[in-house]
Amino acid sequence: MFFLETSISIFIGSFLLTYLTIPKIIKVVEHKRLMDDPNARSSHVSRTPTLGGVAFFYTLIFALFFIRGRDAFDEAMYIIPGLTILFIVGLKDDLVVISPGAKLLSQVFAIAFILANPSFTIFSFNGFLNIMEIPFYLYVIIAGFMMITIINSYNLIDGIDGLASVVGIVIMVLYTTIFYLTKEYFFALLSITMNASLMAFLGFNLSSDKKIFMGDTGSLIVGFVISILTLKFLALRPHAYTELPFLLENAPLIAISILIVPLFDTARVFAIRIANKKGPFSPDRNHTHHVLIDYWGLTHKQASFIIGCFNLLFVMLFIILGSTAKNLGMVIMLVSVVIFLGYIFFRYNYNFATLKQKILLRRKVDKIKGKVGDKEERRKVARTKKDAVEDNS
């Protein structure tokens, strides 16, 4: 009962704090002309306010103040420095743009605070691929790489209206459930806080007259929180997994399934860029959401919610499989799904130039069909009038 009351208070407070302050941020951004200008690869056509992630930062700081007593290892005090580093870097990147190297270095410093806390230490893989205990240095390498991958993967999917928010909401709902069942109430409340902020932000992100982007300020912060929750999930002690509906050894695969959208999209985009002899971080419109919009003609809302539903269904499938199947079978299943999805998108040869040509060609064909249809319609009308005149005569 105490957790329920606290979670409701945290959710309502975080939602209102984000919802009521984003309009103020929009006014300041418009007044100072700090808006995002569209370019050749943008999905928007007009100048749009950014820096929506500013609201995420101070909402999280306020929430951490109120829930800090529920962290057994004082995790809140380790999270705040990392959040602050990424907030400053994201803010600077949104305003003046910084190099990928500087951004990566800041992420290393941010996650160093998390890895220094014993609560996040992974001592064992619990039999995943027959791996049991792991040395501390290997944990640091694996955890560091995993957190950097998650942060950047989430940053990369923030390309259309609603997508980053919808995927983030799905992930936060799943982690709230996991940490509630395992009685890790601090991390459940952290998930609820982030979820409330994303829900409040989503309405503005999809709005036509009060639109705002979260920017790197927001995507880096949300990605950082997701990486923290993922690391904590994998660091849970064996007895905690008795409350979860899947086998202990399948935990790494469940974590991958929760993050399947950003991880798959990042792997796919990097593979295409390298195949086209470009840098993995070079900008383009090869992302899955761009394909859904550019080639399949979906709107931003449709693409975002379809991808979000896929993420949720994918996790549910793996949780069901993970309750009985051994991890080797699940690995085969995961690899098969990734190969299948990769084939669906790769078979169209989605580099930007080819994609643009196909879109233009399809529009020309539709236009020609429309003209042919109009001519045929006019002929039918003319025949009808002619027949009517002949009948009257």
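The values are calculated or read from the model by the stated rules, or taken from the named source; none is laboratory data. The structure presented is a predicted model; accordingly, all values stated were derived computationally and were not measured. Glycine also receives a Cβ, built like all others from the backbone with ideal geometry; neighbour counts cover every protein chain displayed. The protein model used for the area step is the full one, side chains on, heavy atoms only, and it has no ligands, DNA or RNA in it. Shrake-Rupley method; radii C 1.70, N 1.55, O 1.52, S 1.80 Å.
In percent, how large is the relative contact order of the stretch 17-145, given Cα pairs closer than 8 Å and 6 or more residues apart?
17 percent
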If amide H atoms are modeled at 1.01 Å from N in the peptide plane, then the residues at a separation of 5 or more from Gly159, or on another chain, having amide H under 5 Å from its own are Ala164
For Leu298, enumerate residues with amide H under 5 Å from its amide H, sequence gap 5+ or separate chain, H modeled in the peptide plane.
Ile293
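Quickly rank 73-85, 189-201 as a protection proxy: mean count of other C-beta atoms within 10 Å, highest first.
Final packing ranking: 189-201, 73-85.
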Quick one: order Asp71, Asp94 from most to least accessible surface, probe 1.4 Å.
Asp94, Asp71
Pairwise FRET efficiency - Val173 versus Ser9, Cβ, R0 = 22 Å, nearest 0.05:
0.75
Once both labels are modelled 7 Å past Cα along the beta-carbon direction, what's the Phe270-Leu95 spacing in nm?
3.1 nm
Tail fraction, Cα-Cα pairs, the stretch 173-229, threshold 15 Å, whole percent:
54 percent
May I ask for the net charge around Pro118, where only other residues with Cβ less than 11 Å from the Cβ of Pro118 are counted and Lys, Arg are +1 while Asp, Glu are -1?
-2
In whole angstrom, note down how far apart the Cα centers of the stretch 151-187 and the stretch 277-324 are.
15 Å
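For the peptides 142-153, 114-125, 164-175, what is the packing order when you average, over each peptide's residues, the other Cβ atoms within 10 Å and list the highest mean first?
Most protected by this proxy first, the peptides run 164-175, 142-153, 114-125.
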Quick one: net charge of Phe179's neighbours, Cβ under 14 Å, K/R +1, D/E -1?
0
SASA check, Lys92, accessible area w/ 1.4 Å probe, all protein chains in place, rounded to nearest 10 Å², comes out at 120 Å²
Within the set Lys92/Lys278; Lys24/Lys232; Lys211/Lys232; Lys92/Lys211; Lys27/Lys278; Lys92/Lys210, which residue pairs have Cα atoms separated by over 31 Å?
Lys24/Lys232; Lys211/Lys232; Lys27/Lys278
In whole Hz, what ³J(HN,Hα) sequence does the stretch 289-302 give by Karplus (6.51, -1.76, 1.60; θ = phi - 60°), x for Gly and Pro?
5, 5, 4, 4, 7, 6, 9, 9, x, 7, 7, 4, 4, 4
